[in-house]
């Protein structure tokens with residue numbers, strides 16, 4: 001109750017000190033009571049680490065990055081196509097809207113199931129590349145649907161005077177979009193698209209659910225397999241750390257880009 | 001009212017406007033405009049804001065779709081859906097109040113892109129023409145600059161060079177100096193004066209009365225979507241015949257002079 005008599009700044013300071021004290025207390029409690037050898041054995045086991053390297057890098061991390069790049073490039077191109085269709089109006093835009101809303105409205109996991117299981121089982125059609133091919137197609141489509149909305153917003157953020165100036169020079173609608181509006185729109189959407197890249201990198205872990213062959217495994221599948229093989233969480237912990245090694249610099253880059261690109265192009 | 005502007009041979013007028021009407025929803029901005037601009041003629045359109053003069057200019061190259069009436073540009077009926085509008089527009093340069101330069105391209109790039117993409121000129125040819133026009137507007141030392149690095153007056157001169165690089169037969173100016181700091185207006189007007197003296201057919205919406213009086217052949221006064229009065233520029237500006245023109249000019253030329261007795265009749269809406 002004595003706290004209530006303090007000035008607001010003093011009260012805030014007291015509150016901060018109290019929370020630090022509690023935090024340090026909890027950490028100390030854990031540090032003194034925890035069974036460190038057992039924890040290390042289960043979560044950061046040097047023997048297990050020795051076994052999963054270098055495959056967790058040269059197969060799992062490599063595949064995660066490869067799938068991310070493939071799905072991002074494919075998804076961005078699809079997103080540009082859908083965004084241009086959507087702003088064009090007419091039947092094309094109805095198709096684009098239906099496509100975007102369907103794949104944004106359905107869980108990404110369901111979309112992966114759609115291409116990996118539902119379509120092949122229902123129709124007998126096999127996607128090129130097998131399971132991983134179907135999975136990547138699913139990621140491309142999910143990314144395309146999300147980035148289409150980002151790119152459409154970018155297109156609409158380009159001032160109308162730009163189109164008017166281009167049209168007054170005799171440019172067609174297509175030339176205006178391709179040479180004047182899109183180059184500016186894509187610059188505007190660099191920060192949110194980098195964000196999308198981070199999301200996609202993490203979403204490649206959904207590929208675990210469709211069952212990947214050993215050489216196709218990405219970080220999460222690799223970590224989960226390691227959990228079963230070695231009865232230790234170490235492979236999953238290492239996989240999580242490897243995700244962070246990639247996502248944290250990217251997230252930092254996004255905030256830098258946002259600051260750099262926001263005030264003026 | 002515009003009968004004096006109709007030439008003996010209609011084919012000689014690069015711009016022929018007949019019965020032009022434009023509505024935005026229930027708001028009729030143009031209420032029947034007839035206007036011809038002769039080859040080599042410089043016509044200024046003046047009038048209070050909201051009088052429809054910018055809309056008129058934007059209807060000429062169909063940036064606005066007219067609600068009714070006819071616009072003939074270089075003999076082509078712009079309201080005819082079968083006319084290749086993009087083709088006609090390549091012959092009609094337009095300069096905007098807000099410049100509307102392409103920010104991702106340099107001054108040269110701004111002047112080259114449509115030459116290459118629309119006129120299919122080679123890069124070398126487009127470059128040569130762009131350089132010639134940027135030099136003509138006094139920006140030979142700013143060719144590689146992006147618009148963000150240029151002053152408003154320089155940007156507007158790039159915009160003029162961009163339009164001229166298409167070798168237009170007609171130039172349309174939509175309040176080209178209205179967004180400029182006063183000390184930068186002169187450079188832009190000087191370029192426009194050179195253009196007029198070189199014989200370019202020009203239609204200029206402007207508030208620069210000195211430019212209208214000294215450079216243009218004819219001045220059109222618009223108010224409330226109609227042409228109230230038009231005539232040789234010096235005559236119309238120094239000796240307007242119509243009451244509304246007189247009131248408008250008095251206000252523009254002497255902004256500190258406000259006569260309460262006039263206020264009631266000047267706002268028709």
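The values are calculated or read from the model by the stated rules, or taken from the named source; none is laboratory data. Not measured: the values here are computed from a predicted model. Cβ sites come from the backbone with ideal geometry, for glycine too, and all protein chains shown count toward neighbours.
Tabulated values for the structure
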| read-out | value |
| --- | --- |
| Any hit, the stretch B:121-129, residues being part of a loop (DSSP other than H, G, I, E, B) and within 14 Å of another protein chain (Cβ to nearest Cβ) | yes |
| Failed condition for residue A:120, given (1) more than 30 Å from residue B:84 (Cβ to Cβ); (2) modelled with pLDDT under 95; (3) within 14 Å of another protein chain (Cβ to nearest Cβ) | (3) |
| Exclusive hit being in contact with a helix residue (DSSP H, G or I) (Cβ under 6 Å, 6 or more places away or on another chain) and touching a residue at least 12 places away in the same chain (Cβ under 8 Å), set B:153, B:75, B:138 | B:153 |
| Residue among B:83, B:88 that alone is part of a helix (DSSP H, G or I) and out of contact with any helix residue (DSSP H, G or I) (no Cβ under 8 Å at 6 or more places or on another chain) | B:88 |
| Evaluation of residue B:226 against (1) within 30 Å of residue B:19 (Cα to Cα); (2) within 16 Å of the chain's Cα centre (by Cα) (one fails), failing number | (2) |
| Test result for residue B:202, crowded, with 22+ Cβ neighbours inside 10 Å, at pLDDT 95 or above, within 30 Å of residue B:36 (Cα to Cα) and away from every other protein chain (no Cβ under 14 Å) | yes |
| Residue match in the stretch A:190-207 (condition: over 22 Å from residue A:117 (Cβ atoms), within 14 Å of chain B (Cβ to nearest Cβ) and modelled with pLDDT under 95) | yes |
| Residues that are out of contact with any helix residue (DSSP H, G or I) (no Cβ under 7 Å at 6 or more places or on another chain) and farther than 21 Å from residue A:194 by Cβ, drawn from the stretch A:63-94 | A:88, A:89, A:90, A:91, A:94 |
| So residue A:174, is it within 14 Å of chain B (Cβ to nearest Cβ), in a helix (DSSP H, G or I) and buried (at least 20 other Cβ atoms within 10 Å of the Cβ) | no |
| All positions within the stretch A:212-225 that are modelled with pLDDT of 90 or more and surrounded by fewer than 16 Cβ atoms within 10 Å (Cβ to Cβ) | A:215 |
| Index of the failed condition, residue B:55 passing every other in (1) farther than 22 Å from residue B:195 by Cβ; (2) part of a loop (DSSP other than H, G, I, E, B) | (2) |
| Matching residues, the stretch B:212-224, being within 15 Å of residue B:177 (Cβ to Cβ) and touching a strand residue (DSSP E or B) at 6+ places or on another chain (Cβ under 7 Å) | B:212, B:215, B:216 |
| Residues within the stretch B:130-163 that are within 14 Å of chain A (Cβ to nearest Cβ), in a helix (DSSP H, G or I) and surrounded by fewer than 19 Cβ atoms within 10 Å (Cβ to Cβ), tallied | 2 |
| Selection within the stretch B:100-113 - within 8 Å of another protein chain (Cβ to nearest Cβ) and either within 16 Å of residue A:161 (Cα to Cα) or outside any helix (DSSP H, G or I) (or both) | B:100, B:101, B:102, B:103, B:104 |
| The stretch A:159-171, subset part of a helix (DSSP H, G or I) and surrounded by fewer than 22 Cβ atoms within 10 Å (Cβ to Cβ), residue nearest to the other protein chains (Cβ to nearest Cβ) | A:161 |
| Odd one out for residue B:39 among (1) closer than 22 Å to residue B:215 by Cβ; (2) in a loop (DSSP other than H, G, I, E, B); (3) within 14 Å of chain A (Cβ to nearest Cβ) | (3) |
| Subset of the stretch A:115-158 [assigned to a loop (DSSP other than H, G, I, E, B) and surrounded by fewer than 17 Cβ atoms within 10 Å (Cβ to Cβ)] | A:124, A:125, A:126, A:128, A:129 |
| Subset of the stretch B:87-98 (residues that are more than 7 Å from every other protein chain (Cβ to nearest Cβ) and buried (at least 24 other Cβ atoms within 10 Å of the Cβ)) | B:92, B:93, B:95 |
| Some residue of the stretch B:164-171 being under 12 Å from the mean Cα position of the chain (by Cα), surrounded by fewer than 24 Cβ atoms within 10 Å (Cβ to Cβ) and closer than 25 Å to residue B:115 by Cβ | yes |
| Check on residue A:242, away from chain B (no Cβ under 14 Å), within 24 Å of the chain's Cα centre (by Cα), over 29 Å from residue A:105 (Cα atoms) and surrounded by fewer than 20 Cβ atoms within 10 Å (Cβ to Cβ) | yes |
